[in-house]
Amino acid sequence: MDFPTILQILDSAVRLMTPLLLACLAGLYSERAGVFDIGLEGKMLMAAFTAASVAYATNSAWLGLCAGILGALAMSMIHGLAAITFRGNQLISGVAINFLASGLTVLLGQKIFGLAGRTPSLQGPARFGEITLPFVDALRPVPIIGPIYAELISGHSILVYVAFAMVPLTWWVLYRTRFGLRLRAVGENPASVDTAGVSVARMRFAAVAICGVLCGIAGAYLATGISAGFVKEMTAGRGFIALAALIFAKWRPWSALGATFLFGLLEALANRFPNLDLGIVTVPSMFMSALPYILTVVILAGFVGRAVPPRAGGEPYVKER
């Protein structure tokens, strides 16, 4: 495998890991606050549909992004209302969000566009274009560094750079701010936070809202960045893969970056080498395509280390009287 091919695979991995990274960080905020969220898939799906629909109607990718965020936020607020206000089962609420988004996007797509749940193809300003970073032409002739900068670092849409910027920002918010300290405390010992005069419900709603915003960006990227519109079930299990990556990363932002890159790399390899020839044996295309999902099952089954979730995760908080 030559150097240009490696760069192409890595470039594809970066593009494919972006929605996973955003969804993984979304789940990180929510679960750190004690609200388990397996509805990431549904929030991304709703965001992808609303983003593509509004981007098509307005011919603006930025308005589509805003609509995608609002669509995911609506799903988040439903989840928050069920899990925090009414103290319902968080897992069941997440499943309901996934089913609701799956059915609603197809229904609305058929009703509005009449294209079997799809939106019309997006073109021009309705999609996020690639950004060429400064000094690309000057650095391109430089061995190794030039191609890496020109082909791997430069040439992505703005949402890719936003996703990567969210990693250090999330680390700073969680570990260097009062809000982050309270958010993590709510996920570990909500009673002590309540005793200190901080509203547990308000903190959890804030975390759920941040989760919705990040899922909205992820869904908008799928519809207006990677693809040119919305198609039925276009998230293709990415929300569940993001959850597996979150467990693999042990609920830490920098580890989430590495975990989602691993999943993105596996998908990029599957796309690049449908039938991988290892010399002794040829790996069939079906196995290569299933690699990210196989790794998801392996991680969720507990074979990759022991991951300890926040102690109060999944438990509704009842204020003592």
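The values are calculated or read from the model by the stated rules, or taken from the named source; none is laboratory data. The shown structure was predicted, so the numbers you read here are calculated from the model rather than taken from an experiment. Here Cβ is always computed from backbone atoms with ideal geometry, including for glycine, and neighbour counts include all displayed protein chains. For the accessible areas, the whole protein counts, side chains as well, though only heavy atoms, and no ligand, DNA or RNA atoms are used. Shrake-Rupley method; radii C 1.70, N 1.55, O 1.52, S 1.80 Å.
The alpha-carbon of Lys43 sits under 28 angstrom from the alpha-carbons of these lysines, leaving out residues fewer than 8 places away in its chain: Lys111, Lys232, Lys250.
Taking a ≥ b ≥ c as the square roots of the eigenvalues of the alpha carbon gyration tensor, the range 1-134 is oblate, as a/c is not under 1.5 and a/b does not beat b/c. Spherically averaged projected area of the convex hull of Cα atoms, the range 3-240: 14.3 nm². Look at the dipole of the range 160-269 built from charges on Cβ: of Trp171, Phe248, Ala259, the Cα furthest out on the positive end belongs to Trp171.
Normalised per residue, the accessible area of the chain is 47 Å², obtained with a 1.4 Å probe and no contribution from ligands, DNA or RNA. Each Lys or Arg adds one and each Asp or Glu takes one away; over the other residues whose Cβ falls under 11 Å from the Cβ of Gly314, this sums to -2. Of the residues Ala218, Ala191, Ala51, the one that moves most in a GNM of the chain with alpha-carbon contacts below 10 Å is Ala191. Among Thr85, Thr260, Thr296, the largest mean-square fluctuation in a Gaussian network model of the chain (Cα springs under 10 Å) belongs to Thr85.
Normalised by the number of residues in the chain, the average gap of Cα pairs under 8 Å and 6 or more apart makes the relative contact order 34 percent. The overall shape of the range 71-153 is oblate: from the C-alpha gyration tensor, with semi-axes ordered a ≥ b ≥ c, the ratio a/c is 1.5 or greater and a/b is no larger than b/c. In a reduced charge model with +1 at each Lys and Arg Cβ and -1 at each Asp and Glu Cβ, the range 156-261 shows a dipole moment near 200 debye about its Cα centre.
Taking a ≥ b ≥ c as the square roots of the Cα gyration tensor eigenvalues, the range 107-222 comes out oblate, since a/c reaches at least 1.5 and a/b does not exceed b/c. Against the criterion of solvent-accessible heavy-atom surface with a 1.4 angstrom probe, Phe230, Phe273 sort, most first, into Phe273, Phe230. For the chain, a Gaussian network of Cα nodes joined below 10 Å ranks Ile217, Ile112, Ile144 by mean-square fluctuation, and the top entry is Ile144. For the chain, the mean residue ellipticity at 222 nm estimated from helices alone is -21000 deg cm²/dmol, where every DSSP H run of n ≥ 4 contributes -39500 (n - 2.57) and the total is divided by all residues, rounded to the nearest 500.
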